[in-house]
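See structure below.
The values are calculated or read from the model by the stated rules, or taken from the named source; none is laboratory data. Owing to the predicted nature of the structure, the values given are computational and were not obtained by experimental measurement. Using ideal geometry, Cβ is built from the backbone for each residue, glycine included, and neighbour counts are taken over all protein chains shown.
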Amino acid sequence: MIAALKNNKSVNPLSVTAKKPDLNLLNEKYKKLSPVERIKEIYNDFDNILLSSSFGTTAVFQLYLFHKAEVNQPVHFIDTTYHFEETLKYRDELTKLFDLEVINIMPDKKDNKYSLEAELWRYDPDECCSINKVKPFEKVKAEFDLWVSGLMSWQSSHRENLNIFEEKNGLIKFYPILDVTEEEAQRIIEENKLPIHPLKPLGYESIGCKHCTLKGKKRKGRWAQTVKTECGLHL
């Protein structure tokens, strides 16, 4: 169920005929807010909200903002079974630090076993991602009206062209930290002495499954030496 915007009473962002929110109005409204204000306000404008986290190198920043906003929101984590052990330990560390309720999303056991035995990531990484990330998450997304994700515009050319709100396949996507610079996020992490992913000091700036992640700046270590730049969740 989508709630009407409460801070813009002069114009109703909901289309009565289409029964969909006006993304232009939402983007206009939320661009004026700070990330913490956005996180607080989204609960006035929407119900049935999905929050996901990869528990990668920038995850702590958005989770800290939710904590600062005093929002008690379950966090969905896609456990592909191929994560670095360091990522799983980092997930557990942040879960304890922010008192999170983490819901692990698992792929189909039979398909996951096939992707492992066939080493699918070597010759068809798109299908590997589809089996272990996209399909399991699609089932979860169907239960929600809005998906909160921690994409940031500086991370890739695809992400620098996004808006705070967009619609994909009937689901509204919300990026509350999209326009926060890398420097701003790092400053807040350091000022608040937040724990960093243990692989980041080793040169990993973007971390996914261990088979497809190398050291590299921004997302250059993801699916290196291939044309692939996204797992498919955000395309």
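General remarks:
- Verdict on ILE188 being in a helix (DSSP H, G or I) and at pLDDT 90 or above: yes
- Filtered by the rule that a residue be surrounded by 14 or more Cβ atoms within 10 Å (Cβ to Cβ) and among the small types (Gly, Ala, Ser), the stretch 103-158 gives SER115, SER130, SER149, GLY150, SER153, SER156.
- Residue satisfying all of: in the stretch 34-66; without any contact (Cβ under 8 Å) to a residue 40 or more places away in the chain and surrounded by 21 or more Cβ atoms within 10 Å (Cβ to Cβ); farthest from PRO136 (Cα to Cα) among these: PHE66
- Test for LEU100: is it without any contact (Cβ under 8 Å) to a residue 40 or more places away in the chain, within 29 Å of ASP47 (Cα to Cα) and touching a helix residue (DSSP H, G or I) at 6+ places or on another chain (Cβ under 8 Å): yes
- Residue, farthest from LEU23 (Cα to Cα), within the stretch 129-154, restricted to residues that are modelled with pLDDT under 90 and touching a Ser or Thr at 6+ places or on another chain (Cβ under 7 Å): TRP154
- When GLU86, GLU93, GLU37, GLU28 are checked against the criterion of being of a type in the set (Asp, Glu), modelled with pLDDT under 95 and in a helix (DSSP H, G or I), GLU28 stands alone in meeting it.
- Consider the stretch 75-102 and keep the residues that are β-branched (Val, Ile, Thr) and surrounded by 15 or more Cβ atoms within 10 Å (Cβ to Cβ). The one that is farthest from SER53 (Cα to Cα) is THR80.
- Checking each residue in the stretch 42-83 for being assigned to a helix (DSSP H, G or I) and hydrophobic (A, V, I, L, M, F, W, C) picks out ILE42, ALA59, VAL60, PHE61, LEU63, LEU65, PHE66.
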